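Okay, structure first, notes after.
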Amino acid sequence: MPAREQLQVQAIDRFWETVPPLWGAVRSHIIRVVVTGNFDITVEQFHVLRHVRRGTGSISELAAAKNISRPAISQAVELLVNKGLLTRIQSVQDRRYVELALTEAGNSLLDAVFKETRGWMKERMHALTMDELETISKAMEALKKMLV
């Protein structure tokens, strides 16, 4: 097997050994923070807010991104609007298109969850050397290239 192919196989093996358990731990932490953090939202509502922050702007886009029905997303959006975390903005060009946007309270809630999670992750990285942190940072940049 050529050297490049051997490195690819090794990288794939390391990926599967590392990323799913790492993401599982991060996801569990986020769920625990959302559920026990007195944010008065469900984990599913948290994910809707997160998608809107990342640029998913309509109910149809959210339904596609989450792979669930428009009525289910509409219900989640309605609850988040009623809680003052999301707002609907009707398009001037096409009145049928309604854009979703986070309110100040919605942004603050996400900031609080991500701040807590960032602190939790920093604690876990505490034992890593500067070189290891730099390696992780470079590896994350390299992994992004796989998504393009």
Task: Top-ranked residue in the range 17-39 [being more than 14 Å from the chain's Cα centre (by Cα) and hydroxyl-bearing (S, T, Y); ranked as nearest to G106 (Cα to Cα)] - done: T36
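Tally the residues that are farther than 26 Å from K115 by Cα and either touching a Leu at 6+ places or on another chain (Cβ under 7 Å) or in contact (Cβ under 8 Å) with a residue 24 or more places away in the chain (or both), restricting the search to the range 16-33.
If we filter the range 16-33 for residues that are farther than 26 Å from K115 by Cα, which is where we start, we get 16-17.
Checking the rest, the ones that are also either touching a Leu at 6+ places or on another chain (Cβ under 7 Å) or in contact (Cβ under 8 Å) with a residue 24 or more places away in the chain (or both) come to none.
Qualifying residue count for the region: 0.
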Task: Number of positions in the range 108-148 that are of a type in the set (S, T, N, Q), outside any helix (DSSP H, G or I) and closer than 28 Å to V43 by Cα - done: 0
TODO: Give the range 52-97 a look and list any residue that's among the aliphatic types (A, V, I, L, M), surrounded by fewer than 16 Cβ atoms within 10 Å (Cβ to Cβ) and touching a strand residue (DSSP E or B) at 6+ places or on another chain (Cβ under 8 Å), or say none.
DONE: V81, I89
Open item on the list: All but one of (1) among the polar types (S, T, N, Q); (2) at pLDDT 95 or above; (3) farther than 29 Å from N38 by Cβ hold for T103; state the number of the condition that does not hold.
Closed with: (3)
TODO: Count, please, the residues in the range 34-50 that happen to be part of a helix (DSSP H, G or I), within 22 Å of R88 (Cβ to Cβ) and touching a residue at least 24 places away in the same chain (Cβ under 8 Å).
DONE: 6
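The values are calculated or read from the model by the stated rules, or taken from the named source; none is laboratory data. Here the structure is a predicted model, which is why all the values come from computation and not from measurement. Neighbour counts are summed over all protein chains in view; Cβ atoms, including those assigned to glycine, are modelled from backbone coordinates with ideal geometry.
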